[in-house]
Structure formats: structure tokens, C-alpha cells
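Heads up, the thing below is written out as C-alpha cells.
The numbers here are math on the coordinates, done by the rules we state, and not lab data. Since this is a predicted model, take the numbers as computed values, not measurements. With ideal geometry, Cβ positions are generated from the backbone for all residues, glycine too; neighbour counts draw on all protein chains shown.
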Amino acid sequence: MDDQKVILIAEPEEGLSEKLRAFFRDRGFILLKTPNLKETLLTLQEKRVDVLVLDATLLEKDYGFICVIKGIEPELPVIVCAENNTPEIESQIRKQKIFYYHIKPFGIQDLEMAISNAVNGLSH
């Protein structure tokens, strides 16, 4: 049981977690979900998490939150998912040394590959 990978999805609504449910089940990943930043921090402090998938809407242009996460778990792969993308937003988020920046309209397969790479310790 200890070798099962734990993926935390932080999103205000269950869009990503629903789309990824079969992907997680097929690979034996454990899915944890949080609806806001406060619960995300609490979960990271209380549980072992292998990958964090963070919906950019939770950040509300406060990209420093990723630094807080990295302070708690410096080696944690953080994947940020954005619905709407601008070069400025992407640049600000990438400065936080995230693992991957996913643009939702590009499809779920790209995100699945990034999660697999993060779980397996591969660079994206």
C-alpha cells in the first residue's frame, strides 16, 4: 500500500478530478481532492503526496502560494492547470519552478502524460 502514488488535485470544482478518474484508477493512484488553498496546505502538511495538480483559478493571481508549497515540500512536483492563458500569467507561474504548466483547452492526454512523468520522477 505504501508504494501507491498519491495525487492531490486542488480545484474549486470537480472538473479535472472527474476527467482523470479512470486514468488514476487504471494506474492504481490514490486521488485526494481539495477545493481551496487552505485545505491544500493542510493536506500537504498531514499526508504524503507525490504530485500536486493545482487549478490556476485558486491562485487568484497570487502565484507566491506555489513558493509556500515548495517551502513545505521542496521536491513536490507541482502541475498548474489554466483554463485561460496569457504569456504574462504563464511566465509568472513558471518562475515558481513548477513541474508542468497545462492549458486545459489543449486536452487531458497532455496532463495525463505530465502526471505520469512526475510520478515516475521524469522531467517533462
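Using θ = phi - 60° and the Karplus relation 6.51 cos²θ - 1.76 cosθ + 1.60, list the HN-Hα couplings for region 39-48 in order, rounded to whole Hz, with x at every Gly or Pro.
With the stated coefficients, region 39-48 comes to 5, 4, 4, 4, 5, 5, 6, 9, 10, 7 Hz.
Would you calculate, for the chain, the mean residue ellipticity at 222 nm contributed by helices, counting each DSSP H stretch of 4 or more residues as -39,500 (n - 2.57) and dividing by all residues, to the nearest 500?
Only helices count here, giving -12000 deg cm²/dmol.
Rounded to the nearest Å, what's the spacing between the alpha carbon centres of region 65-87 and region 105-124? Just the number, please.
One Cα centre to the other: 14 Å.
Among PRO74, ALA22, ASN84, whose Cα lies farthest out toward the positive end of the dipole of region 6-119, if unit charges sit on the beta carbon of Lys, Arg (+1) and Asp, Glu (-1)?
PRO74
If you take the beta carbon distance between ILE30 and ASN84 as r and set R0 to 41 Å, what does 1/(1 + (r/R0)^6) give as a FRET efficiency, to the nearest 0.05?
Step by step, r from the Cβ atoms, then E = 0.85.
When only Cα pairs under 8 Å and 6 or more residues apart are kept, what is the percent relative contact order across the chain?
Value for the chain: 24 percent.
Multiply the residue separation of ARG94 and ASP110 by 0.36 nm, subtract the distance between their alpha-carbon atoms, and state the gained length in nm to one decimal. All intermediate terms of the calculation are to be shown ahead of the outcome.
On the way: separation 16, 0.36 × 16 = 5.76 nm, distance 1.71 nm.
Extra length available between ARG94 and ASP110 comes to 4.1 nm.
Calculate, for LEU76 and LYS19, the FRET efficiency according to 1/(1 + (r/R0)^6) with r their C-beta to C-beta distance and R0 25 Å; round to the nearest 0.05.
Calculated transfer efficiency: 0.70.
Number of Lys pairs in the chain with C-alpha atoms less than 13 angstrom apart, excluding same-chain neighbours closer than eight positions?
Here the count comes out as 5.
Taking the alpha-carbon set of the chain, what are its Rg and Dmax in Å?
Cα-based Rg and Dmax for the chain come out at 13.2, 42 Å.
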